[in-house]
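Only one structure is covered here, and it is reproduced in the block below.
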Amino acid sequence: MKFFIINSFRLMVYVAYLATLLVGFVLAYYNGVVHKGAFMQEVFNIGGTLGQILTMVFFAVGGWVIASVVAGLIVTLLDIRDDINDRLPDARKAD
């Protein structure tokens, strides 16, 4: 049973990572191609093809960073929960 629980947690991290990456790439495409780099035009006053490319790179890298943070937080919280569960029987024996 422990095998399935561990692998389901691993699957949860993979799904969260890939879903966040996908959202980042969709935002990169949407802002870079559909809106023709309007983000870079408004924020940094860089227009044209360079603005489109920089917008796509900005949102793609941003999505990757956010996906890494989300996956790291999930793993950290699961590790903390696992450590607490490992120590609970010791606390019960001390009484």
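Within the group Val13, Val57, Val75, which residue is open to solvent by 70 Å² or more (accessible area, probe 1.4 Å), modelled with pLDDT under 90 and touching a helix residue (DSSP H, G or I) at 6+ places or on another chain (Cβ under 8 Å)?
On the way: Val13 fails: open to solvent by 70 Å² or more (accessible area, probe 1.4 Å); Val57 fails: modelled with pLDDT under 90.
When all the criteria are applied, what remains is Val75.
Condition check for Lys36 on (1) within 23 Å of Leu73 (Cβ to Cβ); (2) in a loop (DSSP other than H, G, I, E, B): one failure, at (1). Of all residues in the range 17-43, count the ones that are open to solvent by 60 Å² or more (accessible area, probe 1.4 Å), touching a residue at least 24 places away in the same chain (Cβ under 8 Å) and polar (S, T, N, Q). Looking only at that region, the number is 0.
The values are calculated or read from the model by the stated rules, or taken from the named source; none is laboratory data. This is a predicted model, so every value here is computed, not measured. Quick reminder, even Gly has a Cβ in these numbers, built from the backbone with ideal geometry, and neighbours come from all protein chains shown. Side chains included, ligands, DNA and RNA excluded: accessible areas come from the protein's heavy atoms. Shrake-Rupley method; radii C 1.70, N 1.55, O 1.52, S 1.80 Å.
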